[in-house]
Number of protein chains: 2
Amino acid sequence: MPQSTLARLQDDLGVAVSTDADVLDASREDRSGWRSATPPLAVVHAASVAEVQQVMRIAYATGTPVVPRGAGTGLAGGAIASPGAIVLDLSRMNRILEISEADELAVVEPGVLNGDLNDALAPLGLWFAPDPASRAISTIGGNIATNAGGLLCAKYGVTREAVLGLAVVLADGRLLRTGHRTVKGVTGYDLTALMTGSEGTLGVIVEATLRLRPIARGEVVTVAAAFSGVDAAAAASAAVAAARIRPAVLELIDAAGLARVAAHLGPHGIAGTPIEHIAPGETFLLAQSDAEGAGIEADLIAEIFAATGGRVSRSADAAAGERLLDIRRAMHPALAASGQVLIEDVAVPRSRLPEMFRAIEEIGRRYDIEIPTIAHAGDGNLHPNFVFTGDEVPDHVWAAADDMFRTAVALGGTLTGEHGVGVLKRRWLADELGDDSYELQRGIKALFDPTGILNPGVMFEASAR
Amino acid sequence: MPQSTLARLQDDLGVAVSTDADVLDASREDRSGWRSATPPLAVVHAASVAEVQQVMRIAYATGTPVVPRGAGTGLAGGAIASPGAIVLDLSRMNRILEISEADELAVVEPGVLNGDLNDALAPLGLWFAPDPASRAISTIGGNIATNAGGLLCAKYGVTREAVLGLAVVLADGRLLRTGHRTVKGVTGYDLTALMTGSEGTLGVIVEATLRLRPIARGEVVTVAAAFSGVDAAAAASAAVAAARIRPAVLELIDAAGLARVAAHLGPHGIAGTPIEHIAPGETFLLAQSDAEGAGIEADLIAEIFAATGGRVSRSADAAAGERLLDIRRAMHPALAASGQVLIEDVAVPRSRLPEMFRAIEEIGRRYDIEIPTIAHAGDGNLHPNFVFTGDEVPDHVWAAADDMFRTAVALGGTLTGEHGVGVLKRRWLADELGDDSYELQRGIKALFDPTGILNPGVMFEASAR
């Protein structure tokens, strides 16, 4: 009689295997607000590549689904327990294996937190550029699995551009190495890029060789302004681009978002900032320049903001700059204070930002909901937020999100700029990709995961395998 | 009786189909010195996506191999006629379809020359960063098909990072669109990156959406120095990195190369430069800084070069900077003046450059050949050159190259940094990738090209399909 999957896991992996009800329950959700219907079979806290390989061998032999998971900070339900699955928790594989100053690279285990790596790098004058807003709490493995974005992408690129190579445990437990320790390398297809953003559906990332950057010399200068409306702020953002300026950060908060932020921070939090005396309908734009010439660039930005009608504040002082950034950082807490938040993640070509903002407003009116929105204006990535009460995302919210996704794609954009497809957006995937691309992507999935055990239901409908 | 492939092509594509002996013959070679054994069946000069689709439909129906080709400037035999093949020449698809200043992107046909695009962009203050040395004569389609590198990659990235989306004609004639008009986008697997560098083996690139950059403000400052040997120059290069400086250009010419360059340029060409009075064994290092702070950065570099024993020349004057760059540019002409040149293309982690240079010297001694070498020192990509006479690469040159590839891989590098695998290096592909990766890559090839008609023999052994 064949031994049960759980017994085999326990035999081979011992105390790394947890069936504790609280542990199982915690693996049912991420930061998206989504919660899986059932707990998993077990959570395995792998501590080594060999353990990950052993889990995959057992899963492969028994046809058991595996959900690779890091810190659980995802926003698309890409790493949550599915029925009968092994949740393969990689957060204990959190060693920085190597930092090469000479080659400006780091080799890390997947569970290293983005922020911890950067803390280790800073004294060396080096920096891992990918900067999701979650960087203090999210893992490098998760950043790579979702090809995470962040605030700095227009200038410094997405995660894919900072990954030189990977070690990946395949569905059957074999260990695949991709890429090089070099910036260049064109030997064969780019499997490193293919794995980046694949959301645990092609393999389990167990090691990453990361490209580092020198920390830029020069100061950091912050420019912020309040504008009469979203069109004015978008026009100011477009004028910055037209002046051939690419600031490190360029963030736009719409009127609905800004009103909530101002209320949340209170009079003390906004004193002395451009939003100290906001009128209804006003919006906020924040730019940050870094590196050599930051002061000159910030001056140009401040001029542009003023010329397009902004009430401008400029600061080269770190503390004052942080106070301005705090306004942007307050967006999520301000929303979370009044309910569950579903953060959407569409992206459109930068020139279509005003149209997308208008569409969001129109969709809000149609469904009678407010949709406070923040945008990475430098790269056209918008986060419209739905605030609701209760555990389940209401149907009319999904209907509104559906309208939004279709609009973004029609404007030449995408339904997810940086959060991933996960389980939340899989039903729109084929619509955006078209049949030919969808079919090829399914083919790639089948090639790497012929028995469909890797994160089933993520990215593709489970029935599709 | 079924119509012949050639007759079908002629019926459907008319004068676009050439069987002129000179045209067929010209398609047998690229700039690698490699020449295919036989001419192709025909060369089709496609002028539209529809024509490319029609060629692929005929090829698919008749099982005829297709070799996509741009300007024929490749260095790995990746786009040369194979027996019985249709050479699909895309050089007439050379329209710039769109330049969006607001979105900092361009949409181009594959036959647009890299230099022509940049000429069109410059008046707008925009720039397509990929800069292969061939940029004046190579096509964007070819740049993408090989994931071309160049001199600027350490600072500005490889071609992959400048491609937002593609239109690709698949093996059976269907048109696939990948990517977005946005910098961010994580909807499904990254097929844009998969296609980039796939050397015509997965599909025919017929349109590309390219990410542009603002032309950097500030001056361009050039610093060059002669050093007593390759170790001293490599040490200077490492010291630049250690100072957390990432110049736009950092090029190293070894002693064998520099002697030939100096002889080629003559006394007039080198007067006033650091190589005016070179001693035997001296080497050359050239750095260029751009953007805001270029002057400060160049001062630091000049100090480092001097402190590591270099005879330094620094120039912020454009003409004087060009004279220094001319030394680097003279490398290939200097070699080509004395025979056929096989340009190799290994890459190693930057810190291993001294070891790689020593290995090249040792390999040269072993096979009794001089191997003049130039390196993109900023990213560890070396071009060791073999100069020989006659049409065929001599066996002992391949044996030396073989030793070199194995050394580069053993040092954590790759056998091709930016030129591609083509037909020249396919026999080493499996060795570098390992069995698991090779098998997966073959699987991807089979998924996109089930009947093996797309550039057979390139990247993989023809027998492998």
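The values are calculated or read from the model by the stated rules, or taken from the named source; none is laboratory data. Nothing here was measured: the structure is a model prediction, and the numbers come from that model. Cβ coordinates were reconstructed from backbone atoms using ideal geometry, including for glycine residues, and neighbour counts include every protein chain displayed.
Filtered by the rule that a residue be touching an Asp or Glu at 6+ places or on another chain (Cβ under 8 Å) and surrounded by 19 or more Cβ atoms within 10 Å (Cβ to Cβ), the stretch B:385-406 gives B:385, B:386, B:387, B:401, B:404, B:405. Any residue in the stretch A:132-145 that's touching a residue at least 24 places away in the same chain (Cβ under 8 Å): show its pairings with residues that are among the polar types (S, T, N, Q) and part of a loop (DSSP other than H, G, I, E, B) at Cβ separation under 7 Å, as long as the two are six or more apart or on different chains. If the second residue must be among the polar types (S, T, N, Q) and part of a loop (DSSP other than H, G, I, E, B), the pairs left are A:132/A:138; A:134/A:73; A:137/A:73; A:138/A:73; A:139/A:91; A:142/A:73; A:144/A:196; A:145/A:198. Count of the stretch B:122-131 residues, restricted to those that are modelled with pLDDT of 95 or more, surrounded by 21 or more Cβ atoms within 10 Å (Cβ to Cβ) and closer than 19 Å to residue B:328 by Cβ, is 1. All but one of (1) over 15 Å from residue B:114 (Cα atoms); (2) in contact with a Pro (Cβ under 9 Å, 6 or more places away or on another chain); (3) without any contact (Cβ under 8 Å) to a residue 60 or more places away in the chain hold for residue B:67, so report the exception by its number. Every listed condition holds for residue B:67 apart from (3).
Being among the acidic types (Asp, Glu) and either buried (at least 24 other Cβ atoms within 10 Å of the Cβ) or under 18 Å from the mean Cα position of the chain (by Cα) (or both) is the requirement here; does residue A:119 meet it? Taking the combined requirement at face value, the residue does not satisfy it. Looking for whichever is within 20 Å of residue B:325 (Cβ to Cβ) and either within 20 Å of the chain's Cα centre (by Cα) or outside the structural domain of residue B:191 (by TED's automatic domain parsing) (or both) here; the options are B:94, B:143, B:147, B:114. Which one fits? One residue alone meets the criteria, B:114.
Would you confirm, using the coordinates I've provided, whether residue A:151 is among the aliphatic types (A, V, I, L, M), surrounded by fewer than 24 Cβ atoms within 10 Å (Cβ to Cβ), within 10 Å of chain B (Cβ to nearest Cβ) and out of contact with any Lys or Arg (no Cβ under 7 Å at 6 or more places or on another chain)? So residue A:151 does not fit the description; no. Pairs meeting the criteria (first residue in the stretch A:427-453 and facing another protein chain (nearest Cβ under 7 Å), second residue surrounded by fewer than 18 Cβ atoms within 10 Å (Cβ to Cβ), beta carbons under 6 Å, at least 6 apart or on different chains) are A:436/B:174; A:443/B:447; A:447/B:443.
Table: residues versus (1) modelled with pLDDT under 95; (2) acidic (Asp, Glu); (3) under 22 Å from the mean Cα position of the chain (by Cα).
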residue	(1), (2), (3)
A:388	yes, no, yes
A:422	no, no, yes
A:439	no, yes, no
A:448	no, no, no
A:456	no, no, yes
A:461	yes, yes, yes
A:465	yes, no, no
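Quick check on the stretch A:101-116: of everything there that is under 14 Å from residue A:163 (Cβ atoms) and within 12 Å of another protein chain (Cβ to nearest Cβ), which residue is surrounded by the fewest Cβ atoms within 10 Å (Cβ to Cβ)? Filtering the stretch A:101-116 for residues that are under 14 Å from residue A:163 (Cβ atoms) and within 12 Å of another protein chain (Cβ to nearest Cβ), the one surrounded by the fewest Cβ atoms within 10 Å (Cβ to Cβ) comes out as A:107. Does the stretch B:282-294 contain at least one residue that is surrounded by fewer than 19 Cβ atoms within 10 Å (Cβ to Cβ), without any contact (Cβ under 8 Å) to a residue 60 or more places away in the chain and of a type outside the set (S, T, N, Q)? Within the stretch B:282-294, not a single residue is surrounded by fewer than 19 Cβ atoms within 10 Å (Cβ to Cβ), without any contact (Cβ under 8 Å) to a residue 60 or more places away in the chain and of a type outside the set (S, T, N, Q). Considering the stretch B:414-426, the residues that are facing chain A (nearest Cβ under 9 Å) and either farther than 18 Å from residue B:148 by Cβ or among the charged types (D, E, K, R) (or both) include one that is surrounded by the fewest Cβ atoms within 10 Å (Cβ to Cβ), namely B:425. Does residue A:213 count as more than 23 Å from residue B:102 (Cβ to Cβ), basic (Lys, Arg) and within 14 Å of another protein chain (Cβ to nearest Cβ)? Taking the combined requirement at face value, the residue satisfies it. The set of residues from the stretch A:14-35 being under 21 Å from residue A:54 (Cα atoms), among the hydrophobic types (A, V, I, L, M, F, W, C) and surrounded by 19 or more Cβ atoms within 10 Å (Cβ to Cβ) comprises A:16, A:17. The criterion of at least 1 residues that are in contact with a Phe, Trp or Tyr (Cβ under 7 Å, 6 or more places away or on another chain) and within 24 Å of residue A:116 (Cβ to Cβ) is met by none of the helices (runs of 4 or more DSSP H) falling completely within the stretch A:134-206. Per the conditions (1) in contact (Cβ under 8 Å) with a residue 40 or more places away in the chain; (2) within 14 Å of chain B (Cβ to nearest Cβ); (3) more than 23 Å from residue A:216 (Cβ to Cβ), the sole criterion not satisfied by residue A:121 is (3). Restricting A:379, A:403, A:435 to residues that are outside the structural domain of residue A:80 (by TED's automatic domain parsing) and in contact with a Cys (Cβ under 7 Å, 6 or more places away or on another chain) narrows the list to A:379. The combined condition, being in the same structural domain as residue B:110 (by TED's automatic domain parsing), among the hydrophobic types (A, V, I, L, M, F, W, C) and within 21 Å of residue B:289 (Cα to Cα), is fulfilled by residue B:158.
On the given criteria, is residue B:382 touching a strand residue (DSSP E or B) at 6+ places or on another chain (Cβ under 7 Å) and more than 10 Å from every other protein chain (Cβ to nearest Cβ)? Against the criterion (touching a strand residue (DSSP E or B) at 6+ places or on another chain (Cβ under 7 Å) and more than 10 Å from every other protein chain (Cβ to nearest Cβ)), residue B:382 qualifies.
The number of residues in the stretch A:190-206 that are more than 9 Å from chain B (Cβ to nearest Cβ) and either surrounded by fewer than 21 Cβ atoms within 10 Å (Cβ to Cβ) or among the β-branched types (Val, Ile, Thr) (or both) comes to 3. Taking the listed residues B:81, B:47, the one that is surrounded by fewer than 24 Cβ atoms within 10 Å (Cβ to Cβ), farther than 30 Å from residue A:378 by Cβ and either at pLDDT 95 or above or not polar (S, T, N, Q) (or both) is B:47, with no other qualifying.
Criterion first (part of a loop (DSSP other than H, G, I, E, B) and more than 28 Å from the chain's Cα centre (by Cα)) does residue A:266 satisfy it? So residue A:266 does not fit the description; no. Only one entry of B:95, B:135 meets the criterion of being out of contact with any helix residue (DSSP H, G or I) (no Cβ under 7 Å at 6 or more places or on another chain), more than 28 Å from residue B:446 (Cβ to Cβ), away from chain A (no Cβ under 14 Å) and surrounded by fewer than 24 Cβ atoms within 10 Å (Cβ to Cβ), and that entry is B:95.
The set of residues from the stretch B:91-116 being without any contact (Cβ under 8 Å) to a residue 24 or more places away in the chain and part of a helix (DSSP H, G or I) comprises B:115, B:116. Taken over the stretch A:234-260, the criterion of being under 29 Å from residue B:123 (Cβ atoms) and either assigned to a helix (DSSP H, G or I) or touching a Cys at 6+ places or on another chain (Cβ under 6 Å) (or both) is satisfied by A:234, A:235, A:236, A:237, A:238, A:239, A:240, A:241, A:242.
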